[in-house]
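The values are calculated or read from the model by the stated rules, or taken from the named source; none is laboratory data. Quantities reported herein were computed from a predicted structural model and do not represent experimental measurements. In this analysis, Cβ positions are derived from the backbone assuming ideal geometry, glycine residues included, and neighbour counts consider all displayed protein chains. Just so you know, the surface numbers come from the protein's heavy atoms only, side chains and all, with ligands and any DNA or RNA stripped out. Shrake-Rupley method; radii C 1.70, N 1.55, O 1.52, S 1.80 Å.
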Amino acid sequence: MESRLNYFGNPLAGKVLKHINSANKVLADSTLSTTTQELVKIRASQINGCGFCTDMHTKDAVHEGETPQRLHLVAAWREAKVFTDAERAALELTEQGTRIADAAGGVTDEAWANAAKYFDEDQLAALLSLIAVINAYNRINIINQQPAGDYQPGQFG
């Protein structure tokens, strides 16, 4: 499989990625835990069917010390005992925020209120923004048919 466009080598795309990557850096530096950030990225990428991002973020999570058991259960987080209540709230918000078109009405007040029990205002802003950013990355990679499997942790800095 080859990508439709050398997106990472295209000058215009490079300008777009520079801005998305800058937003992602702000989120990486936020007080939202790295563990929660990777779980959110993985779950949104699974929902969207983005192999490139699923590969990247599962490998990054392992590199950061995440366990294989938890990674295998991200897609079935509701039935898994291995996630904290805060992680479950973040995963629910991720699912609803990623499946906006499927959830006539968007993100429920209940999902937001549940997340607000575990995250302060800055963390909620980071969580909301992270869901938007990973969905943007997913769409770029899916539309471009970016192949998955070759990513190495730290490859993009």
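Worth pointing out:
- Axis angle, to the nearest 10 degrees, between helix 109-118 and the longest C-alpha principal axis of the chain: 90 degrees.
- Stokes-Einstein diffusion for the chain, with the hydrodynamic radius set to the Kirkwood value over Cα pairs and evaluated at 4 °C in a medium of 1.567 mPa s, equals 81 µm²/s.
- Cα-projected label distance for Gln69 with Ser22, points at 7 Å along beta-carbon direction, nm: 4.3 nm
- Lysine pairs in the chain whose alpha-carbon atoms fall under 24 angstrom of each other, counting only those eight or more residues apart or on distinct chains, come to 11.
- Spin-label pair Asp85-Phe156: with each label point 7 Å from Cα along the Cα-Cβ axis, the two points sit 3.4 nm from one another.
- Sorted largest first, the spans of the alpha carbon positions of segment 1-77 along the three principal axes are 39, 34, 20 Å.
- Looking at segment 1-141, the accessible area is 54 square angstrom per residue; that uses a 1.4 Å probe and ignores ligands, DNA and RNA.
- Accessible-area composition of the chain, carbon plus sulfur, in percent [1.4 Å probe]: 55 percent
- Segment 93-107 and segment 36-81 have their alpha-carbon centroids 19 Å apart.
- Take every Cα pair under 8 Å whose residues are at least 6 apart in sequence, average their separation, divide by the length of segment 17-147, and the relative contact order is 37 percent.
- Simple label model, 7 Å out from Cα along Cβ direction - Gln145 to Arg99, nm: 2.8 nm
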